[in-house]
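Only one structure is covered here, and it is reproduced in the block below.
The values are calculated or read from the model by the stated rules, or taken from the named source; none is laboratory data. Values in this document were obtained by computation on a predicted structure and should not be read as measured data. Note: ideal-geometry Cβ built from the backbone for every residue, glycine included; neighbour counts use all protein chains shown. Surface areas here come from the heavy atoms of the whole protein model, side chains and all, with no ligands, DNA or RNA. Shrake-Rupley method; radii C 1.70, N 1.55, O 1.52, S 1.80 Å.
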Amino acid sequence: MPLAVIPWFEFPSLSLGPVTIQSFGVLSALGILTAVQLASRAAARLGRDPQVILDYSVVGVLAGVVGGHLAHLFFYHPEELDSVWSVLKIWEGLSSMGGLAGAIVAAVLWFRAKRIRFHDYADAFALGMAPGWGIARIGCFTVHDHPGVHSDFFLAVRFPDGPRHDLGLYEAIVLFSIGALLWALHRRGALRGRLMALLALLYGVARFLLDFLRARDVAYADARHLGLTFAQYAAIGLVAYAAWGFARLRPPPVAARRAG
């Protein structure tokens, strides 16, 4: 008897004229808002200007959407590249790792243009990013858009064709766990200036391993490149960044806290 205990479920979508609202979109937006709110609060606690987080977030979200869509098209589902219009429809198909790549490029350019050291805000970004991304992954779980291989694991979902791993759920668990660890370290003042490197290391390793569970026998399977998904190559990049961060980065100087 299969051990899988999570039943198959689907949330109804809400149509408002030409706009269709799904649980994925709602939870993704909630994840972004949570990430920005937590990161700005963390920045204030660290003696940094929280307005920097708020100002960058607009650029970062837009760049993330563009990067996520381009990665979806070029690396996951190139068969959808049938016209220029498919590139311009940025609301159709998003990759979280592509979104991360777009946000990173935007951060490099934005912080350099503003003459602000990103490293001074890296811890704050990490503290907001992990739980916010976890909420967005719950959105993925509610629409089951990351099916895994068949399994009788107790957290498997009873898909219509049998129980499978649901990687949206697994990633949410990983990200909430990492977020809890980062906040615990932050409260103790441990690894100051290296929380982003730790997030990159833990998530990079987890994502690299989890993607081996992605289903290949479904109609909309992700493309592989030399046997690996785009996200696995991006995960290798995250681990490389983490290694550089732990080896080279130094804790930023403590800024004077804002009055009040």
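Please compute one quarter of the surface area of the Cα convex hull for region 15-106 and express it in square nanometres. Walk me through the intermediate numbers first.
On the way: hull surface 28.3 nm².
Seen from a random direction, the Cα hull of region 15-106 projects 7.1 nm² on average.
Per residue Cα convex hull volume for region 1-159, in cubic angstrom?
On the way: hull volume 23.6 nm³, N = 159.
Dividing the Cα hull volume of region 1-159 by its residues yields 148 Å³.
To the nearest 0.05, what FRET efficiency results for Asp145 and Arg188 with a Förster distance of 35 Å applied to their C-beta separation? Before the final figure, lay out each step's value.
Working: r = 37 Å, r/R0 = 1.06.
Result of the calculation: an efficiency of 0.40.
How many angstrom lie between the C-alpha centres of region 20-49 and region 56-109?
19
Where does helix 119-143 land angle-wise versus the long Cα axis of the chain, in degrees 0 to 90, nearest 10?
20
Treating only the Cβ atoms of Lys and Arg (+1) and Asp and Glu (-1) as charged, compute the dipole magnitude of the chain about its Cα centre; round to the nearest 20 debye. Before the final figure, lay out each step's value.
Values: 23 positive and 17 negative charges, 345 e Å.
In debye, rounded to 20, the chain gives about 1660.
Just order 125-133, 197-205 by mean Cβ neighbour count inside 10 Å, highest at the front, would you? If you can, show how the numbers build up before the last one.
Details: 125-133: 24.9, 197-205: 21.4.
Descending mean neighbour count gives 125-133, 197-205.
Carbon and sulfur together cover what percent of the accessible area of region 20-134 at a 1.4 Å probe radius? Write out the running numbers ahead of the final one.
On the way: 3920 of 5690 Å².
The value for region 20-134 is 69 percent carbon and sulfur by accessible area.
Can you give the Rg and Dmax of region 127-260 based on its C-alpha atoms, in angstrom?
Here Rg and the maximum Cα pair distance are 17.6, 59 Å.
Carbon and sulfur together cover what percent of the accessible area of region 152-216 at a 1.4 Å probe radius?
On the way: 1920 of 2820 Å².
Summing carbon and sulfur atoms, their accessible area is 68 percent of the total for region 152-216.
For helix 96-113, what angle does its Cα long axis make with the longest principal axis of the chain, in degrees from 0 to 90 and rounded to 10?
Relative to the chain, helix 96-113 is tipped by roughly 20 degrees.
In whole percent, what relative contact order does region 120-187 give with Cα contacts below 8 Å and a gap of six or more residues? Mind dumping the intermediate values first?
Details: 72 pairs, mean separation 26.0, N = 68.
Answer for region 120-187 is 38 percent.
Angle, helix 23-45 long axis vs. longest principal axis of the chain, Cα atoms, 0 to 90°, nearest 10?
Tilt of helix 23-45: around 20 degrees.
With every protein chain present, what is the per residue accessible area of the chain (1.4 Å probe, Å²)? Walk me through the numbers on the way to the answer.
On the way: 13680 Å² over 260 residues.
In whole numbers, the chain has 53 Å² accessible per residue.
Report relative contact order for the chain in percent, whole number only (criteria: Cα-Cα under 8 Å, sequence separation at least 6).
25
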